[in-house]
Amino acid sequence: MEAGEIGGALVFILAAAAAVAAAVSVGAVDFSRPLTAGAPFDFQAAVSWLIGILDGTSSAAADVDGAWVAVRAGVIAPVLQVAVWACMVMSVMLVVEAVYNSVISLGVKAIGWRPEWRFKWKPLDSADEEKGTAHFPMVLVQIPMYNELEVYKLSIAAACELQWPKDRIVIQVLDDSTDPFIKNLVELECEHWVNKGVNIKYATRTSRKGFKAGALKKGMECDYAWQSEYIAIFDADFQPEPDFLLQTVPFLLHNPEVALVQARWSFVNDTTSLLTRVQKMFYDYHFKVEQEAGSATFAFFSFNGTAGVWRTGAIRDAGGWKDRTTVEDMDLAVRATLKGWKFVYVGDVRVKSELPSTYKAYCRQQFRWSSGGANLFRKMAKDVLFAKFYMLYSFFFVRRVVAPTAACILYNVIIPISVTIPELYLPVWGVAYIPMVLTVVTAIRHPKNLHILPFWILFESVMTLHRMRAAMTGLLELEGFNQWIVTKKVGNDLEDTEVPLLQKTRKRLRDRVNLPEIGFSVFLFLCASYNLVFHGKTSYYLYMYLQGLAFLLLGFNFTGNCSCYQ
């Protein structure tokens, strides 16, 4: 049994125990009047016993209730109150960060700001026969992949069709595949493009040490790699437009202080299901707000690991690729920034890619990113503190640690428990106004997706559980903090039906259900029901029922592959 499943079971047990204890504490349940052991079953006696439990009329019930109230008011409430105010502080930090980025993003859109206002950009003249191709810099295009059966043809074809002089570009396929059948297909595809006159290299390794970072590092050891002035990187499911290099490389060519040009992601399957729709909202906020605001204010923003072009000298100056975390892209970007290099984000240049099509695939992807980011924060906090305080506070601490922790603890734990502890004070501005502001600043750049917003809120409530667990795993270097599971691809544009798929394996029960989500759903349903019956001054039950339903549906994987939302 996995640690996550054990955690889910423990949460379920604790939730049930808390619900029973809370019911006993208010006199809703009284177990001091049991049926006589060994007596014949009497229906009327059973009914009378049940009524006695529910009305809590016995003296024993009053004693238990008094003891519980004393412990609740003297111990539990003060401890939780400290947690509440800690969450309030983190929520304020988060809302300030979100509002600042959104204001910058809206300002950028209002004035029509473009990177060309700050960085020189001049198109390369490919029609001048006298100049030839010598004025075009050498570009290396790297495509790391691992058992990418469904998409390998798409990425290789897109890279080979880039508009750039054939003698000034090298396509490098870094294949870490462990399946010999897939390796053979990828190599044959490379040979196919070699026969078409494309300068494409097929490279493999004997081990997957370092995962993607190890593959990129190995690829740069080739002589032709160091002879290339710039390196474009595309994951196996990314398909750049033919003019990608013509749009991005001039920023590097005319601005020697620029190390990276990052493009925006677009998606071929963003309307396939409700799952992909809510994912698109998450990524749109990241690119439209976080990346755009960072670029426009000349503050730090990270490399996204793909759909970007690096200056080879900047990679070398920053110390090259390192495999100490699962976010090698962020690691390199931080080290390059500390060396004084600048980045450019070009939101108008988009590269097609694929969103995870299943809930588990998305959770694994988010776990890797959240855990890796938190672990990198642990490793580089001291280096960043004195050089780039903004980077340490905003990019690492607020976004990687505070955001998932505050959201998960406050909305998934404290608020549900608070319905059983009337002594606990929850400020309305913290539990109502701040979430409202965060929702508005998130939705303001997505007017076309307002009808998806309620689903996105509930989905993100579930995801905070995974992101907080991942952040704590990376921050404390717990088991699995450096684990890399490649996100499964579908290959939506794949029309070649002659390529056989790998044999499907039979799914086990734990692959068909998600026990932590189911455990949390039971906990939320119990708290919501308690609040409905004994609501007192608070009425959170409606939200908790919806929240519990979201956990339950995702616990049984009731989303991901449904195409009814197309």
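The values are calculated or read from the model by the stated rules, or taken from the named source; none is laboratory data. In this text the structure is predicted, and so the values were computed from the model without any measurement. Ideal geometry is used to build each Cβ from the backbone, glycine not excepted, and the neighbour counts take in all protein chains shown. The protein model used for the area step is the full one, side chains on, heavy atoms only, and it has no ligands, DNA or RNA in it. Shrake-Rupley method; radii C 1.70, N 1.55, O 1.52, S 1.80 Å.
Applying both filters, DSSP loop and at most 16 other Cβ atoms within 10 Å, to the GluC sites (Glu not before Pro) of the range 161-219 gives GLU161. Legend: residue pairs LYS217/LYS352; LYS218/LYS339; LYS166/LYS448; LYS166/LYS217; LYS120/LYS339, Cα-Cα distance threshold 32 Å; pairs beyond threshold, LYS166/LYS448.
Shape of the range 126-242 from its Cα gyration tensor (a ≥ b ≥ c, root eigenvalues): rounded if a/c is under 1.5, otherwise prolate when a/b > b/c, or oblate? Cα axes put the range 126-242 in the prolate bin.
In this simple spin-label approximation, ASP167 and ALA110 carry label points 7 Å from Cα along the Cα→Cβ vector, and these lie 5.3 nm apart.
Would the range 115-355 count as rounded, prolate or oblate if I go by the C-alpha gyration tensor, calling it rounded below 1.5 in a/c and otherwise prolate when a/b exceeds b/c, oblate otherwise? Since a/c stays below 1.5, the shape of the range 115-355 is classed as rounded. Within the assembled protein chains, the solvent-accessible surface assigned to ASP176 is about 10 Å², based on a 1.4 Å probe. Of the chymotrypsin sites (Phe, Trp or Tyr not before Pro) found in the range 243-294, no site is in coil according to DSSP while having at most 12 other Cβ atoms within 10 Å of its Cβ. Take the alpha carbon gyration tensor of the range 103-191, find the square roots of its eigenvalues, order them as a ≥ b ≥ c, and report rounded if a/c is under 1.5; if not, report prolate when a/b exceeds b/c, else oblate. The shape class here is oblate. The distance separating the Cα centre of the range 528-557 from that of the range 317-335 comes to 43 Å. In the range 115-355, a dipole from Cβ-located charges (positive for Lys and Arg, negative for Asp and Glu) runs towards its positive end, and of HIS286, GLY340, HIS254 it is GLY340 whose Cα lies farthest in that direction.
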